[in-house]
Amino acid sequence: MKNIVLWGLHKEISRYAIQSLEQEQLISIKAWFGDPNESHVVTHNWFDLLFGGLGKKDLMTCNGRIYSEMYMHLYTFMDMLSRAFAFQNKPLQEYLNIFNLLVDYFYALLKKEAIELVIFEDIPHDGGNYVLYCMAKAMGIPTLIVCQTMFPDRFFYVFDVEDFGRFDQVYEIEKMGELAGLQVKKQFEKDLFYMKEDTVTQRLQKKLEIVLNFSKWKEERLAVWHNSQRKYGGFLKGILQRTTKKLLEYQLDRDYVKNSQTSFNDNVDLTMNFVYFPLHMQPEMTTSALGGIYCDQLLAIERLVDWIPDDWYIYVKENPKQTSFMRGKYFFERLKLIPKVKAVSGTFDTYELIRHSRFVATITGTAGWEAISGGKNVVVFGKAWYYTLPGVFAFSTELSLQKVLDYQICHEELEKRVALLLKKTGRGLVNRDYLPMNPQYQQEENNQQLAAFFRYILARI
């Protein structure tokens, strides 16, 4: 029986599989982190640890070697923490204090409970789980991360974030079987459910569900309200901070719209030699956790400028879902000063830009998958899930531009490599956000698939 810590996997889509492992005495859950409002198991909200939930008994100062390792992750932690409004606009020194509290807490938890494995739902990217992940690595404790794919009923898994995209360290779970006949449409266009806006009918249905289930909705709202009180330290502070937030967002959104209108436009010449660089929406896991130093997307563009010929351009397209967050005044100032860049509005057809580009460049974005599945090469700056597939080149100053231009993607080979990649995935859903991709979803079948996967992995760790 392994002593484990869980982060996520507490929702109805996955918790039954986890509980079955505990009933079989394969695991002993020492701590489970998640949203208590969405769980029927005892979970801890990591925000509550910081809002008055920590005592001296919960902390233990880690040794110098481990702290030095943890300190190397401070900037990434601060970037992730800034996503949470409760921590926005706090002094830099407070971020350092929060970091140290979490370091001492997770060090104590892992040490006192003799933890042998830490399991995460998704790549750690929200501050608290990132510190836990880094602490486990620093202490030599195995980690397991599961992450839903864009292929129905499939999820990736890794033991180390650095292996995401390469998947060198993981086992082949599936036999080739049905994967041998896997087909990938040779086209750029993809039907991405997460890029769609709700229809009028869907919005009305959601409002109707609130009316029909008013008592449940009321309980959920009250839970959110009480949680907010803990976050902000009381009713008046909560009102003040929320009001300040609305006023600040109003001004920032106005500035963003103004800057976007003057910076991004649809005046695009598709006959030019250009590299297409679609900006990621931020903040997101795809850049903050998987982008490394290129979480700063403008840095990637600046590196590209020095790498392409003088008579080429980089068409930088804004993400249609982007807000003012991480798009402040100096972002636009810096963007304007980068030579060879033509900024394209988010409304311009991304597939036309892919189609006419010499190649696509991205941190880890879906545009890279769209490109190679349609026969266009891509240069990636981060840990993209499709990293090992044909037509994908990892950026470095030593990378030959001619090599990128000369490479021809064999679509049949691409399909074979995707099938080989999926052999290293688990079956089932670990993230309920992906339910729209699985219309035939059955809870019991999913329980069995997830439990079988975890049994397989536990026997090998």
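Details
For (1) free of Cβ contacts under 8 Å to residues at least 24 places away in the same chain; (2) of a type in the set (S, T, N, Q), each residue gets a yes or a no:
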site: F264; (1), (2): no, no
site: Y276; (1), (2): no, no
site: Q282; (1), (2): no, yes
site: M285; (1), (2): no, no
site: D296; (1), (2): yes, no
site: Y313; (1), (2): no, no
site: S324; (1), (2): no, yes
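- Here A31 fulfils each of the conditions (1) under 15 Å from G128 (Cα atoms); (2) in contact (Cβ under 8 Å) with a residue 24 or more places away in the chain; (3) open to solvent by 60 Å² or more (accessible area, probe 1.4 Å) apart from (3).
- Condition met for F99 (open to solvent by less than 10 Å² (accessible area, probe 1.4 Å), modelled with pLDDT of 95 or more and under 27 Å from N63 (Cβ atoms)): yes
- Search result, residues across the stretch 424-444 that are of a type in the set (A, V, I, L, M), in contact with a helix residue (DSSP H, G or I) (Cβ under 7 Å, 6 or more places away or on another chain) and assigned to a helix (DSSP H, G or I): M437
- Residue selected from the stretch 383-400 under the condition open to solvent by 10 Å² or more (accessible area, probe 1.4 Å) and within 15 Å of the chain's Cα centre (by Cα), by the criterion farthest from D163 (Cα to Cα): W385
- Across the stretch 423-449, the qualifying residues are those that are buried (at least 20 other Cβ atoms within 10 Å of the Cβ) and of a type in the set (A, V, I, L, M), and the one among them that is farthest from K190 (Cα to Cα) is V430.
- Pairs where the first residue, in the stretch 378-397, is within 14 Å of I308 (Cβ to Cβ) and the second is charged (D, E, K, R), C-beta under 7 Å, 6+ apart: F395/R303
- Some residue of the stretch 77-88 being touching a residue at least 12 places away in the same chain (Cβ under 8 Å) and within 24 Å of K2 (Cβ to Cβ): no
- Considered as a group, the residues in the stretch 243-280 that are of a type in the set (A, V, I, L, M, F, W, C) and either modelled with pLDDT under 85 or more than 28 Å from P309 (Cα to Cα) (or both) include one that is most open to solvent (accessible area, probe 1.4 Å), and that residue is L247.
- Cβ-Cβ under 7 Å pairs, at least 6 apart or on other chains, the stretch 138-155 side touching a residue at least 60 places away in the same chain (Cβ under 8 Å), far side small (G, A, S): V146/G426; D153/G428; F155/G426; F155/G428
- Some residue of the stretch 38-48 being of a type in the set (D, E, K, R), over 20 Å from D122 (Cα atoms), modelled with pLDDT of 90 or more and assigned to a helix (DSSP H, G or I): no
- Which listed residue, of F164, F156, F151, is of a type in the set (F, W, Y), closer than 19 Å to W385 by Cβ, out of contact with any Asp or Glu (no Cβ under 8 Å at 6 or more places or on another chain) and modelled with pLDDT under 95: F151
Okay, residues lined up against (1) farther than 24 Å from R65 by Cα; (2) in contact (Cβ under 8 Å) with a residue 40 or more places away in the chain; (3) among the polar types (S, T, N, Q); (4) part of a loop (DSSP other than H, G, I, E, B):
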position	(1), (2), (3), (4)
E94	no, no, no, no
N97	no, no, yes, no
L109	no, yes, no, no
V131	no, yes, no, no
E172	yes, yes, no, yes
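- Here I301 meets the list (1) assigned to a loop (DSSP other than H, G, I, E, B); (2) within 24 Å of the chain's Cα centre (by Cα) almost entirely, failing just condition (1).
- Any hit, the stretch 137-159, residues being closer than 28 Å to T366 by Cα and in a helix (DSSP H, G or I): no
- Within the stretch 62-92, if we keep just the residues that are assigned to a helix (DSSP H, G or I) and small (G, A, S), the residue that is surrounded by the most Cβ atoms within 10 Å (Cβ to Cβ) turns out to be A86.
- If you go through the stretch 11-23 and pick out every residue that is in a loop (DSSP other than H, G, I, E, B) and open to solvent by less than 10 Å² (accessible area, probe 1.4 Å), you end up with 2.
- Residue within the stretch 284-296 that is at pLDDT 95 or above, touching a Ser or Thr at 6+ places or on another chain (Cβ under 6 Å) and open to solvent by less than 40 Å² (accessible area, probe 1.4 Å) present: yes
The values are calculated or read from the model by the stated rules, or taken from the named source; none is laboratory data. Computed from a predicted model, the values in this text were never measured in an experiment. No Cβ is skipped: glycine too gets one built from the backbone with ideal geometry, and neighbour counts run over all protein chains shown. We work out accessible area using only protein heavy atoms, side chains counted, and drop any ligands, DNA or RNA first. Shrake-Rupley method; radii C 1.70, N 1.55, O 1.52, S 1.80 Å.
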